Structure formats: C-alpha cells, structure tokens
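Below you'll find the structure, written out as structure tokens, and then a few comments.
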Amino acid sequence: MEQGIEPDNCFYIQNEAKVRGKNRLDLTIDPPPDLVLEIDVTSRTHPEIYASLGGPELWRFEEGNLHINVLEKGIYQEVEWSPNFPKLPLKLKIPDYLKQVKTRGRNQTMTVFRNWVKEIINK
C-alpha cells in the first residue's frame, strides 16, 4: 500500500457485487480488481506491486504479445488461458485484433471482436 501504481485499466468480475455503487475504493477493505491490464509502451509493469495488492489476474501487452498472469502463492505465473475468460483463446487473438485496428479502424475492429466473443461464448 506504500507504493503507488496505476493500471491502464482494471475490472471487477467475480467481485463486482462487492464494489458496486461505491464512489471510492479502499483496498485495505475492498477486494483488489479481478483483472488488471497493463500496456507496456512507455513504462514497465511492476507485477510485484500488483501481487502485493492481491490482484488475481494481470494481463500485460508487451512488444505485440499478450501475457496472461495468474497470482499463485504471491507470485504471478504466466498461463495460456485466462481464468476469467476460459473459453477465449485471447493470447492468440488479441494481437491479431490490435493489428486490425490499423487497417479497419477501431470501431469496426471492436464490432468484429465483440461478435467473435459472442460467438465463442454462445457455443
């Protein structure tokens, strides 16, 4: 708690109901986000800080690759599949969709991505 860190994005999935409606979170009482996203472009991710906060899943996008990390015994271990999204081959697909943004544009790529997620989830 003595070290500052700000993820590029974070989400409550499993613990969403525990923080719903709160205007301000207090990580000394509230659970950490279930999923933290870091895009390493201008600065390095410090997984040890996220681990000390107890964030169960950390995604890092670095040099065109998605790294999915799961907290195990206080240390992040890289895994192939997200525990939060076990049906989705994200490490394979996310880099492809990010490349498509450059040619299709953000809005069209997001539409295609959302349709892909719906298709996989509804199987």
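Identification of helices (runs of 4 or more DSSP H) wholly contained in segment 46-123 with 2 or more residues that are free of Cβ contacts under 8 Å to residues at least 12 places away in the same chain and not aliphatic (A, V, I, L, M) yields 90-104, 106-121.
Tell me the residue from Glu80, Glu57 that is of a type in the set (D, E, K, R) and touching a helix residue (DSSP H, G or I) at 6+ places or on another chain (Cβ under 9 Å), please. Step through it out loud before you land on a result.
On the way: Glu57 fails: touching a helix residue (DSSP H, G or I) at 6+ places or on another chain (Cβ under 9 Å).
Only one candidate qualifies: Glu80.
Quick grid of which residues meet (1) touching an Asp or Glu at 6+ places or on another chain (Cβ under 8 Å); (2) in the same structural domain as Tyr12 (by TED's automatic domain parsing):
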{"site": "Gly54", "(1), (2)": "no, yes"}
{"site": "Val70", "(1), (2)": "yes, yes"}
{"site": "Lys73", "(1), (2)": "no, yes"}
{"site": "Met110", "(1), (2)": "no, no"}
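Annotation note: of Leu66, Leu35, the sole residue that is surrounded by 17 or more Cβ atoms within 10 Å (Cβ to Cβ), in the same structural domain as Asn9 (by TED's automatic domain parsing) and farther than 23 Å from Glu16 by Cα is Leu66.
Starting from residues that are in contact with a Phe, Trp or Tyr (Cβ under 7 Å, 6 or more places away or on another chain) and modelled with pLDDT of 95 or more, keep the ones in segment 94-118 and report whichever is farthest from Leu35 (Cα to Cα). Before you say what the answer is, go through the steps one by one.
Step one: filter segment 94-118 for residues in contact with a Phe, Trp or Tyr (Cβ under 7 Å, 6 or more places away or on another chain), giving 97, 109, 113.
Within this subset, residues satisfying the condition of being modelled with pLDDT of 95 or more are 109, 113.
Numbers: Thr109: 22, Phe113: 19 Å.
Looking at residues that are in contact with a Phe, Trp or Tyr (Cβ under 7 Å, 6 or more places away or on another chain) and modelled with pLDDT of 95 or more, I get Thr109.
Going by what's in this entry, would Val117 be described as surrounded by 13 or more Cβ atoms within 10 Å (Cβ to Cβ), closer than 15 Å to Phe11 by Cβ and among the β-branched types (Val, Ile, Thr)? Before the answer, list the steps.
On the way: surrounded by 13 or more Cβ atoms within 10 Å (Cβ to Cβ): yes; closer than 15 Å to Phe11 by Cβ: yes; among the β-branched types (Val, Ile, Thr): yes.
Considered against the rule, which asks whether it is surrounded by 13 or more Cβ atoms within 10 Å (Cβ to Cβ), closer than 15 Å to Phe11 by Cβ and among the β-branched types (Val, Ile, Thr), Val117 comes out as yes.
The values are calculated or read from the model by the stated rules, or taken from the named source; none is laboratory data. Remember, it's a predicted structure, so these values are computed and weren't measured experimentally. Glycine gets a Cβ as well: all are built from the backbone with ideal geometry, and neighbour counts include every protein chain shown.
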